[in-house]
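Down below is the structure, laid out as C-alpha cells.
Derivation of every value follows stated rules applied to the coordinates shown; laboratory data play no part. Quick caveat, the model's predicted, so the values are computed rather than measured. Glycine gets a Cβ as well: all are built from the backbone with ideal geometry, and neighbour counts include every protein chain shown.
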Amino acid sequence: MGISVCIASGKDGVGKSVVAANLAIVLSSLGVETLIVDGDIEGASVGLILGVDPGGLTIHDCLSGKADPKKAVIEASGTKAVIGAIGIEQLVGASLENFPSILEDFTGAFDIVLVDSQGGLGDNTVTVIGSCQALLLVLTPDIGSVTNGLKILAVAKKLGTTVLGALINRSGSPYDIPADKIADLMRLDVIGELPEDETVKRALFEGVPVSVGYPDSPFSKEIRSVADKLIGRT
C-alpha cells in the first residue's frame, strides 16, 4: 500500500500544478512508482503541463461513472497520470463524491499518488485534502500566500491529514519573506525553495515539462532535491 499526497495551495497562481507534475516526473525517474491525479475538477491543467494531447479518458469520466479508473491511467513524460478534462461539457456529472474510493484503489497500486488539488479553500479542495493521507503545501514567499496557506494547514489538521512540509515556489526576490520566517510562522518544515525561473514559462510554451525539456535548469535541479526529501518523509 502506498501513500496519497495532496499538493495544495491557499490561493491560485503559485505554480502548484507545475510543481506537482514535475515532482511526479522526478519521483518516477528515481524509481518510485508514482501516479499523479488531477484533482482540480474545475480547472484541470496537469495534462497540459505534461504535454498530453486531450481526448482520452479523464478523472472526470471516472467521477461520473463513465470509465474504470484503472483504464484512465496513462504514461506521460516518464510518469503515470490520470489527467482532467478541459472541456466545459465534461464537467457535467463529475462529482468528487466517490473520489475517496477511487483514490484508495490508486494508492493500492502505486508507491506515491500525488493529487493536484484546486487552489484556495473551496469544497473540492477540502474533499481532496480529506481523501489524502498527507499534504504538501506549495506557496510563494509573500504574505498573501502564507496567510492563505495557514488556512489549508488548519483544515488538514481538522481532517487528520498529515502535513509533510511546505515548498516555497518562485523564490529569489529581495522582497521575499525568508524561508526560516515562513517556517516559524507556519510551524512546519520548509523542504525546498524553487527559484523563479524563466525556463518554466518557456517549457509551458513549448508543451514540455521543464524537468524533461530543461533538466539542468535551476528549477529542475531543486525539484530533484525536493523529491529526495519527500521520499525520506513518506
Spelling out what I want: for every residue of the stretch 64-72, take phi, set θ = phi - 60°, compute 6.51 cos²θ - 1.76 cosθ + 1.60 (Karplus), and round to whole Hz; glycine and proline get x.
8, x, 8, 8, 6, x, 5, 7, 8
In terms of the alpha carbon gyration tensor, root eigenvalues a ≥ b ≥ c, rounded if a/c is under 1.5 and otherwise prolate when a/b exceeds b/c or oblate, the stretch 1-116 is rounded
At q = 0.07, 0.11, 0.13, 0.16 Å⁻¹, what log₁₀ I(q)/I(0) does a Debye calculation on the Cα points of the stretch 3-233 give, no solvent, two decimals?
-0.19, -0.49, -0.69, -1.09
Find the centroid of the Cα atoms in the stretch 28-58 and in the stretch 159-211, then give the distance between the two in whole Å.
20
Can you bin the stretch 89-129 into rounded, prolate or oblate? Criterion: square roots of the alpha carbon gyration tensor eigenvalues sorted a ≥ b ≥ c, rounded for a/c under 1.5, prolate for a/b above b/c, oblate for the rest.
oblate
List the longest stretch of the chain that has no exposed loop site; here a site is one of the trypsin sites (Lys or Arg not before Pro) assigned by DSSP to anything other than H, G, I, E or B, with at most 16 other Cβ within 10 Å.
67-186
Once you have all Cα-Cα distances for the stretch 48-167, histogram them in 10 Å bins from zero and send the whole-percent values.
12, 40, 36, 12, 0
Bin all alpha-carbon pair distances of the stretch 1-58 at 10 Å intervals from 0 and give each bin's fraction as a whole percent.
20, 53, 26, 1
³J(HN,Hα), Karplus 6.51/-1.76/1.60, whole Hz, each residue of the stretch 76-90, x for Gly, Pro:
8, 6, x, 10, 9, 8, 10, 8, x, 7, 10, x, 4, 4, 7
Separation of the stretch 218-234 and the stretch 101-153 by C-alpha centroid, Å?
18
Value of [θ]222 nm, deg cm²/dmol, for the chain, DSSP H segments ≥ 4, -39500 (n - 2.57) each, nearest 500
-12000 deg cm²/dmol
Everything considered on the Cα gyration tensor (a ≥ b ≥ c; rounded for a/c under 1.5, else prolate if a/b is larger than b/c, else oblate), the stretch 110-213 must be described as oblate
Kindly put 6, 62 in sequence by how many other C-beta atoms sit within 10 Å of each C-beta, fewest to most.
62, 6
